[in-house]
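Report on the following structure.
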Amino acid sequence: MKTALDLIRDEILSLTPYIPGKHIKAVEAELGITNIIKMASNENPMGPSPKAVEAATEAVRECNTYPDSHCSYLREALAKHLQVREQNLVFGNGAHEMIFLLTSTFLKPGEEAVIPLPSFGEYVAAVRLAGGIVKPIALQDLTIDLESCLDAITENTKLVFICNPNNPTGKLIEAEKINAFMERVPGHVLVIYDEAYGEYIDDPTYPNGIDWVKQGKNVIVLRTFSKVYSLAGLRVGYAVANDALADYMGRVRLVFNVNAIAQAAAVAALGDKEYFNMSIENNRQGKEYLYKALSELEIGYIPTQANFLLINILGDSNQIFQELMKLGVIVRPGSVFGLNNYLRVTIGTPEQNIRFIQALCQVMGGVAD
Ligand SMILES: Cc1ncc(COP(=O)(O)O)c(C=O)c1O
């Protein structure tokens with residue numbers, strides 16, 4: 001006898017639900033505690049730029065009209081900022097949507113996508129949804145193994161996803177290795193560089209992914225306004241692609257996929273250099289503090305090029321995660337990524353970082369200054 005599940009496509013039945021970082025309100029309700037801090041979803045702890053808030057507030061007044069489908073003002077400002085042409089940009093409801101837009105546009109059922117794992121989970125979901133085949137490549141020493149990625153490429157491979165710096169490790173592929181990889185990727189493969197954390201990179205040797213797009217390589221770069229620009233709740237992400245690829249991706253997206261408030265806020269956030277610099281500086285100082293505090297506690301960590309830190313707690317990350325949550329500190333257990341001995345912690349404000357270290361000490365039986 002047929003059941004309701006028979007109505008669902010096979011590709012959908014194989015999907016596992018996305019587990020987002022716990023929301024503060026949910027934890028408040030669950031544990032009956034207040035004064036909770038969230039260091040779980042790699043958001044910007046500084047709050048949005050006041051200029052973005054002002055622009056968003058102004059835009060709300062006109063929300064009776066449809067948004068500008070072309071994101072004209074944002075397109076103009078961002079093209080200038082990135083020094084690309086306006087037609088190289090495709091906007092979406094976060095980089096999240098761009099990942100699904102990429103697979104819908106480029107991946108035929110049965111084609112392969114090479115994905116180093118663990119990484120951002122939505123690559124796998126998007127490939128499966130499109131009926132594609134995931135070729136997982138395990139990280140080596142928590143580093144993306146580009147040699148194995150190349151070895152895994154076949155005639156049937158369409159996409160390679162490279163998250164750089166990688167989420168959840170925060171590691172960046174060295175310039176020499178990534179340049180050599182780009183030399184050797186076959187022409188029928190499209191490389192997706194997810195640079196959601198690209199603005200935080202402080203390694204001066206890192207090659208900007210957008211340069212490959214400009215050079216006409218088969219590369220699409222993904223970026224977002226959710227991280228350093230602090231607009232995760234408004235949902236704006238974008239792809240940088242060559243004219244033809246961008247054009248066709250633009251035909252697949254929903255017509256009004258970026259709302260008017262988000263567009264206005266993104267333009268203002270992009271223009272607020274002072275806020276941007278402050279966010280980068282907060283992250284740099286937070287990194288320094290956490291490195292020092294963890295070293296003093298003899299707790300291992302992976303040096304990061306992003307706004308989060310992977311910490312080696314040498315124990316059950318789920319248990320430590322639960323204990324930290326009872327103390328009002330939400331982080332991400334590594335078990336979500338198959339890294340059971342690790343916690344991923346978003347770098348917070350100075351106060352949040354101190355509170356995290358104190359809570360970690362408490363649950364791991366150490367003493368914090
Ligand atoms: C590597 C990576 N790509 C994409 C995204 C999605 O970002 P957005 O908020 O723009 O959808 C995230 C979010 O955490 C991420 O870590």
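No lab work stands behind these numbers, since they all come straight from the coordinates. What you see is a predicted model; the values in this text were computed from it and never measured. Every residue, glycine among them, receives a Cβ derived from its backbone with ideal geometry; neighbour counts consider all protein chains shown.
Decide, for region 186-312, between rounded, prolate and oblate: order the square roots of the alpha carbon gyration tensor eigenvalues as a ≥ b ≥ c, take rounded if a/c falls under 1.5, and otherwise choose prolate if a/b is larger than b/c, else oblate. Write out the running numbers ahead of the final one.
Details: a/c = 2.42, a/b = 1.50, b/c = 1.62.
The shape class here is oblate.
Which listed residue (Gly187, Asn167, Leu101) has the Cα farthest towards the positive end of the charge dipole for region 92-188, taking +1 on Lys and Arg C-beta and -1 on Asp and Glu C-beta about the Cα centre?
Sorting the options by dipole projection puts first Leu101.
Scale the Cα Rg of region 50-272 by the rule-of-thumb value 2.2 N^0.38 Å and send over the ratio, two decimals.
On the way: Rg = 17.2 Å, N = 223, 2.2 N^0.38 = 17.2 Å.
The reported ratio for this selection is 1.00.
Please give me the summed charge of the neighbours of Ala125: other residues whose Cβ is under 13 Å from its Cβ, Lys and Arg +1, Asp and Glu -1. It would help to have the intermediate numbers written out before the result.
Working: positive: Arg128; negative: Glu11, Glu97, Glu122.
Once positives and negatives cancel, what remains is -2.
Sum up the charges of everything whose Cβ sits under 15 Å from the Cβ of Gln87, counting Lys and Arg as +1 and Asp and Glu as -1, but leave Gln87 out.
Working: positive: Arg75, Lys80, Arg85, Lys214, Arg251, Arg253; negative: Glu76, Glu86, Asp243, Asp247.
Result for the local shell: +2.
If each DSSP helix of 4+ residues adds -39,500 (n - 2.57) and the sum is divided by the residues in the chain, what number results at 222 nm, nearest 500 deg cm²/dmol? Kindly include the intermediate steps, with their values, before the conclusion.
Working: 14 runs with 149 residues, N = 369.
The helix-only estimate for the chain comes to -12000 deg cm²/dmol at 222 nm.
How would region 72-164 be classified by its alpha-carbon gyration tensor: rounded, prolate or oblate, with rounded meaning a/c under 1.5 and the a/b versus b/c comparison settling the rest? Show your work: numbers first, answer last.
Working: a/c = 2.24, a/b = 1.66, b/c = 1.35.
Prolate.
Rounded, prolate or oblate: which fits region 1-119 when a ≥ b ≥ c are the square roots of the eigenvalues of the alpha-carbon gyration tensor, with rounded for a/c under 1.5 and prolate only if a/b beats b/c?
Numbers: a/c = 1.81, a/b = 1.13, b/c = 1.60.
It is oblate, given that a/c is not under 1.5 and a/b is not larger than b/c.
Give me the net charge for the shell around Ile280: Cβ to Cβ below 12 angstrom, other residues only, Lys and Arg +1, Asp and Glu -1.
0
Multiply the residue gap between Ile133 and Met1 by 0.36 nm, knock off their C-alpha separation, and tell me the result in nm, one decimal place. It would help to have the intermediate numbers written out before the result.
Numbers: separation 132, 0.36 × 132 = 47.52 nm, distance 2.99 nm.
Roughly 44.5 nm would be gained on extension.
I want to verify a result. In a Gaussian network model of the chain, Cα cutoff 10 Å, which of these has the top mean-square fluctuation: Met249, Met39, Met182?
Highest fluctuation among the options: Met182.
Kindly work out what percent of the DSSP beta bridges joining two residues of region 50-272 are antiparallel, to the nearest 5.
Details: 9 of 27 bridges.
Just about 35 percent of them are antiparallel.
With a 10 Å Cβ neighbour count serving as the proxy for reagent exposure, in which order, fewest first, do Val252, Val160 appear? Present the calculation step by step, with values, prior to reporting the outcome.
Working: Val252 13, Val160 26.
So the residues, fewest neighbours to most, are Val252, Val160.
What residue among Glu30, Glu43, Glu111 shows peak mean-square fluctuation when the chain is described by a Gaussian network model with Cα springs under 10 Å?
Between Glu30, Glu43, Glu111, it is Glu30 that shows the largest mean-square fluctuation.
Kindly count the pairs of lysines across region 50-272 whose alpha carbons are less than 16 Å apart, treating pairs on different chains or eight or more residues apart as eligible. Please list the in-between numbers first.
Values: Lys80/Lys214; Lys108/Lys135; Lys108/Lys158; Lys135/Lys158; Lys158/Lys217.
For region 50-272, qualifying lysine pairs total 5.
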